[in-house]
Amino acid sequence: MSDAIKHECGIAFIRLLKPLEYYKEKYGTAFYGVNKMYLMMEKQHNRGQDGAGFASIKLNMDPGQRYISRVRSSEQSPIQDIFKQINDSINSKVKDHTQASDDIKWLKENVPYIGEALLGHVRYGTHGKNSLESVHPFLRQNNWMHRNLIVAGNFNMTNNTELFSNLLQLGQHPKDNVDTITVMEKIGHFLDGEVSKLYKKLKKEGYSKIDASPEIAKRLNIAKILKKSSKRWDGGYAMAGMLGHGDAFVLRDPAGIRPAFYYKDDEVVVVASERPVIQTVFNVDINEVHELDPGKAIIVKKDGNTTVERIIEPLERKACSFERIYFSRGSDADIYLERKELGKLVMPQVLKEIEHDTTNSVFSFIPNTAETSFYGMVEAAQDELNKQKEASILAEKQALTNARLREILSPKIRTEKIAIKDAKLRTFITEDSSRDDLVAHVYDVTYGVVKSTDNLVIIDDSIVRGTTLKKSIIKMMDRLNPKKIVVVSSAPQIRFPDCYGIDMARMEGLVAFKAALELLKDTDNYGLVDEVYQKCKKQEDLDDNDVVNFVNEIYDGFTDEQISDKISELLTEESVTAEVKIIYQTVKNLHKACPNNLGDWYFTGNYPTPGGNRVVNKAFINFYEGNNERAY
């Protein structure tokens, strides 16, 4: 989207089910797992470019031998950086061993990162933290092999304060009050408890301390640990973990907010945040890649036994619709069609705005991620033009000549590459007037293709804050001297903050919210803001299950079109000479285009978990009180 927002994360998990010798013989390398992990992470770089991490576990290592390796980076190109570190580390180990590539036993004993269980993560720093310490995977270390825990996830917990407090009540002293640490320590607490219970039981059965350890690994009930750990989690998550001895899991939240897909054959078990990643990297058919159901976990034991188990009772499915609109790569077969449908479904509003004058309209898109919805919009525009041609032919059929027929059939939908982003341009001056002038030139435009009698129709994935539109895009479009500029959002108006992974934490940053406030002023009804604030304040001490989203009332008195018109005003500076109209997708059409991803809380305020209502009220309180703190 033209408004840059940080969002989401991506996970990648690979469990090799055969000995490393098998992959060397079949694929020519013992580094098969590492190579596949690099591809899986690179294919998900769209999900996070602030940090990347990789961890591996080697199975059946002797005491004193290193069996866990981890590398993380918060450099500018973190994926490339971590795999450069991995490559350098491997090369330094094998340079003096001339037969290293064929000596699998030696490789496993001496070279890091070539284990059988591998976990990768790409990250956006949604809370503004981008230090190395914030990068996944996180590691909880212990001298007992099965108490070592590695965790990485695509998630955000709305009730981290409560979860942190619970850890304190257990007597723990977490090193940081962030949800990744909180979640890991919660799982670790119940893992420790389960290990202790099993040890006592095995001791009664006559096992020695040495013999008990591998037996504990066999008997560990991962599903039971996850059920206890996740009991109070409120948020959207796809949580991946590996235990030191080799057990592993990926757990998905009960509303299906965050995505997770898996594939299994006799060689590998694979999990990723996006389906086409698995299809491409492992060259498998779409029907072989399965969605992990909400509230379930895929669990891989050390011996390779793999099960999908119910951990949490599912809630109403509210899979994130932004995954379909923007976040996931459009190479997924279903997502590609859904994005095209989003472009088609918004076209009736566009036609109304341009008075069905497709002949004198130029269609384009910005940024590149909106290209697929652009194709759908153009197809709908072509359908409209064909209808106009049919009507003309039927109206004149009695006296139609070949020349007139050619004239009727000659008009085409005009599509152009209007805006080109200068990716290298950076704003380096903090003075507002100078900085605004630099921002205005982030995009270049193509001159000579738009006439003064034309409507210029530009489609975007979504309009969140509108800053780039106001400071750059609309100004640049206006330089082409069109009659009218129509900016189309393939997503509905973003009215509420997100608390499940997207970095939209503050109400005042959303242009739809600003527009609603202006409309309240225009209608002498701004007192409603005070009323909503008081209602929100009265709920501060309530249990999350009893909290109601009162922020909806800010929007209730206005139609979508009224808010869109006000947004058009707010984002059009006086220097712009063309008429400007901003059009948004309707929620109804969003659901029609993306029927399996109905998570729409940022558009409707219908949060899928109780913590969401608390977060939106807190965000409104922060706005009202001028508090810059995050709402979660």
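Contact map, segment 605-632: first residue on the phi < 0 side of the Ramachandran plot, second residue of a type in the set (S, T, Y) and open to solvent by 40 Å² or more (accessible area, probe 1.4 Å), Cβ cut-off under 9 Å, separation 6 or more or different chains; pairs are G611/Y632; R614/Y632; V615/Y632; K618/Y632; A619/Y632; Y632/T161.
Every condition in (1) open to solvent by less than 50 Å² (accessible area, probe 1.4 Å); (2) of a type in the set (D, E, K, R); (3) under 16 Å from the mean Cα position of the chain (by Cα) holds for K36 except the one numbered (3).
Pairs are defined by a Cβ separation below 7 Å, a sequence spacing of at least 6 or placement on different chains, a first member in segment 566-588 that is assigned to a loop (DSSP other than H, G, I, E, B), and a second member that is at pLDDT 95 or above and open to solvent by 40 Å² or more (accessible area, probe 1.4 Å); the pairs so defined are A578/K483; T586/D560.
Take the residues of segment 219-247 that are without any contact (Cβ under 8 Å) to a residue 60 or more places away in the chain and buried (at least 20 other Cβ atoms within 10 Å of the Cβ): which is nearest to the chain's Cα centre (by Cα)? Ranking the qualifying residues of segment 219-247, first place goes to S229. Name the residues in segment 479-490 that are touching a strand residue (DSSP E or B) at 6+ places or on another chain (Cβ under 7 Å) and touching a residue at least 60 places away in the same chain (Cβ under 8 Å), would you? If the condition is that a residue be touching a strand residue (DSSP E or B) at 6+ places or on another chain (Cβ under 7 Å) and touching a residue at least 60 places away in the same chain (Cβ under 8 Å), then L480, P482, K483, K484, I485, V486, V487, V488, S489, S490 are the ones that fit. When A333 is tested against (1) without any contact (Cβ under 8 Å) to a residue 60 or more places away in the chain; (2) among the hydrophobic types (A, V, I, L, M, F, W, C); (3) open to solvent by less than 10 Å² (accessible area, probe 1.4 Å); (4) over 26 Å from W601 (Cβ atoms), only condition (3) is not met.
Being within 28 Å of T306 (Cα to Cα), out of contact with any strand residue (DSSP E or B) (no Cβ under 6 Å at 6 or more places or on another chain) and open to solvent by 50 Å² or more (accessible area, probe 1.4 Å) is a property that L59 lacks. Those helices (runs of 4 or more DSSP H) of segment 431-547 in which 2 or more residues are open to solvent by 10 Å² or more (accessible area, probe 1.4 Å) and at pLDDT below 90 occupy 432-439. Does Q80 satisfy being modelled with pLDDT under 95 and either open to solvent by 40 Å² or more (accessible area, probe 1.4 Å) or of a type in the set (D, E) (or both)? So Q80 fails the test. Restricting I298, I257 to those that are of a type in the set (V, I, T), assigned to a loop (DSSP other than H, G, I, E, B) and open to solvent by less than 10 Å² (accessible area, probe 1.4 Å) reduces the list to I257.
Considering D88, D96, D81, D62, the condition of being over 27 Å from V300 (Cα atoms) and assigned to a loop (DSSP other than H, G, I, E, B) is satisfied by D96 alone. For D560, the stated conditions do not hold, so it cannot be described as touching a Gly at 6+ places or on another chain (Cβ under 9 Å), surrounded by fewer than 21 Cβ atoms within 10 Å (Cβ to Cβ) and in contact (Cβ under 8 Å) with a residue 60 or more places away in the chain. Do the conditions hold for A100, that is, is it of a type in the set (A, V, I, L, M) and over 25 Å from L149 (Cα atoms)? It is true that A100 is of a type in the set (A, V, I, L, M) and over 25 Å from L149 (Cα atoms).
The listed residues are S134, S92, and the only one of them that is in contact (Cβ under 8 Å) with a residue 24 or more places away in the chain and among the small types (G, A, S) turns out to be S134.
The residues on offer are K302, K209, K218, and the sole one that is closer than 26 Å to Q65 by Cβ and in contact with a His (Cβ under 6 Å, 6 or more places away or on another chain) is K302. Do you know which of the residues in segment 260-270 that are in a loop (DSSP other than H, G, I, E, B) and in contact with a strand residue (DSSP E or B) (Cβ under 9 Å, 6 or more places away or on another chain) is nearest to P294 (Cα to Cα)? Of everything passing the filter in segment 260-270, A260 is nearest to P294 (Cα to Cα). In the set (1) of a type in the set (D, E); (2) crowded, with 19+ Cβ neighbours inside 10 Å; (3) within 21 Å of G153 (Cβ to Cβ), E341 fails one condition alone, (3). Among the candidates A30, A55, the residue that is under 33 Å from the mean Cα position of the chain (by Cα), closer than 14 Å to K105 by Cα and touching a residue at least 60 places away in the same chain (Cβ under 8 Å) is uniquely A30. Scan I187, I216, I181, I210 and give me the residue that is under 19 Å from P63 (Cα atoms), assigned to a helix (DSSP H, G or I) and open to solvent by less than 10 Å² (accessible area, probe 1.4 Å). So the residue among I187, I216, I181, I210 that is under 19 Å from P63 (Cα atoms), assigned to a helix (DSSP H, G or I) and open to solvent by less than 10 Å² (accessible area, probe 1.4 Å) is I216. Cβ separations smaller than 9 Å between residues 6+ apart or across chains give the following pairs from segment 494-509 residues that are touching a residue at least 24 places away in the same chain (Cβ under 8 Å) to residues that are open to solvent by less than 10 Å² (accessible area, probe 1.4 Å) and among the acidic types (D, E): Y500/D253; G501/E8; I502/E8; M504/D498; A505/D498. When restricted to residues that are over 17 Å from A55 (Cα atoms) and either at pLDDT 95 or above or in contact with a strand residue (DSSP E or B) (Cβ under 9 Å, 6 or more places away or on another chain) (or both), segment 27-43 contains 2.
The values are calculated or read from the model by the stated rules, or taken from the named source; none is laboratory data. Computed from a predicted structure; not experimentally measured. No Cβ is skipped: glycine too gets one built from the backbone with ideal geometry, and neighbour counts run over all protein chains shown. In case anyone asks, the SASA skips ligands and DNA or RNA and just uses the protein heavy atoms, side chains included. Shrake-Rupley method; radii C 1.70, N 1.55, O 1.52, S 1.80 Å.
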